[in-house]
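**Student:** Mind looking over this structure? Questions follow.
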Amino acid sequence: MNDYLLSAVLGVVEGLTEFLPVSSTAHLRISEALLHISLSSGYWKMYTIVIQLGAILCLPIYFRERIAKFLSTFPRGERGDRTMLTHPLSLVAVAFVITAIPAYLLTKVIGKNLENLRIMGIALLAGGIAMWIIDAMNAKSEQAGPAAPRSRIHTWHMEEMGLGQAMWIGACQILSAVFPGTSRSMSTICAGQVAGMSRASALEFSFFVSIPTMAAATGYDLLKSLGGKGDNAIGVAQIDGHEWVVLGIGFVVSFMVAYASVAWFMAWVRNHGFVPFAIYRILAGIAVLFWAARLAG
């Protein structure tokens, strides 16, 4: 396949799956394997990081008005009922720190699991089952709305979140770093729902906490890749004109597809549940496990 077309395809895969609860890491690794991309190549490893940065960039642009409002109302909040610790921006920072420190300490474990198809398949399957159960448990409360008595949901908007919820979500997000295929968005959304958040508020917080989390993770990996650190590092001087164009195509396509994906997902969640994504994860997990078994046999 032509490198430019290959880059566009991988950009679409990254943009579609980065913020949906289906695991972009698993989909990229599987796509790279099916398209016969050398995972030992420093350039293609760096390429994967670059297109992830393209997807990340869409979030601060898409949520620019919300971010501006949060900044202008810090620390008391729009209704004046927030504190330095409970303002939405503070809660995002808390969740990020709780995720970042263990993830950094477990860097070697994470690196070993990134290309393990069996772990990806199990994570996809288990995550799909968990998502289906959790969403089904909250379905009646979602339909009844905020006015319903004895609702399982007590946080309908991100601005109403508490410190404990942010800490819990940050802790659960570690699973997605250690076990590829879990999906960062799946772990944060499900954690939020378990903690009494509505689908929309859990999804929105998932998007916001992904900005510093993904920016830090991919930025760190990119610096290692371009700075001569690691087994597959590649310097900027080693990249020729053709490769820069391939990188640019993947970056732009990933950004555009991710932006459209976020807009669609936000609208979908307000009226539908996560069950279709859970079913997809279960089917994908079974397929990956079957593939891994065939390769091992």
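**Student:** With under 27 Å from residue 288 (Cα atoms) and at pLDDT 90 or above as the only criterion, which of 161, 131, 167 stands out?
**Tutor:** 131
**Student:** Of the conditions (1) closer than 24 Å to residue 286 by Cβ; (2) among the hydrophobic types (A, V, I, L, M, F, W, C); (3) surrounded by fewer than 16 Cβ atoms within 10 Å (Cβ to Cβ), residue 68 satisfies every one except a single condition; which number is it?
**Tutor:** The single condition residue 68 does not satisfy is (1).
**Student:** Turning to a different aspect of this structure: Which one of 34, 10, 59 is loosely packed, with under 14 Cβ neighbours inside 10 Å, under 26 Å from residue 278 (Cα atoms) and not aromatic (Phe, Trp, Tyr)?
**Tutor:** So the residue among 34, 10, 59 that is loosely packed, with under 14 Cβ neighbours inside 10 Å, under 26 Å from residue 278 (Cα atoms) and not aromatic (Phe, Trp, Tyr) is 34.
**Student:** Still on this structure: Please list, ordered by first then second residue, the pairs with beta carbon atoms under 6 Å, 6 or more apart or interchain, first in region 17-28 and closer than 14 Å to residue 210 by Cα, second at pLDDT 90 or above and aliphatic (A, V, I, L, M).
**Tutor:** Cβ pairs passing all conditions: 18/55; 18/258; 19/262; 21/186; 21/189.
**Student:** For region 189-200, how many residues are assigned to a helix (DSSP H, G or I), open to solvent by less than 20 Å² (accessible area, probe 1.4 Å) and either of a type in the set (A, V, I, L, M, F, W, C) or touching a residue at least 60 places away in the same chain (Cβ under 8 Å) (or both)?
**Tutor:** The qualifying residues number 3.
**Student:** From the list 231, 240, exactly one residue is modelled with pLDDT under 95, open to solvent by 60 Å² or more (accessible area, probe 1.4 Å) and either among the small types (Gly, Ala, Ser) or closer than 27 Å to residue 112 by Cα (or both). Which is it?
**Tutor:** Residue meeting the stated conditions: 231.
**Student:** On the basis of being surrounded by 13 or more Cβ atoms within 10 Å (Cβ to Cβ), under 21 Å from the mean Cα position of the chain (by Cα), farther than 27 Å from residue 5 by Cβ and modelled with pLDDT under 95, does residue 213 make the cut?
**Tutor:** Criteria met by residue 213.
**Student:** Let me ask something else. Could you tell me which of the residues 247, 283, 203, 289 is crowded, with 22+ Cβ neighbours inside 10 Å and modelled with pLDDT of 85 or more?
**Tutor:** Testing whether each residue is crowded, with 22+ Cβ neighbours inside 10 Å and modelled with pLDDT of 85 or more leaves just 203.
**Student:** Related question: Quick one: which residue in 266, 256 is more than 29 Å from residue 5 (Cβ to Cβ) and under 17 Å from the mean Cα position of the chain (by Cα)?
**Tutor:** 266
**Student:** Of all residues in region 101-120, which are under 17 Å from the mean Cα position of the chain (by Cα) and at pLDDT 90 or above?
**Tutor:** If the condition is that a residue be under 17 Å from the mean Cα position of the chain (by Cα) and at pLDDT 90 or above, then 120 is the only one that fits.
The values are calculated or read from the model by the stated rules, or taken from the named source; none is laboratory data. This is a predicted model, so every value here is computed, not measured. We place every Cβ from the backbone using ideal geometry, glycine too, and count neighbours over all the protein chains shown. Surface areas here come from the heavy atoms of the whole protein model, side chains and all, with no ligands, DNA or RNA. Shrake-Rupley method; radii C 1.70, N 1.55, O 1.52, S 1.80 Å.
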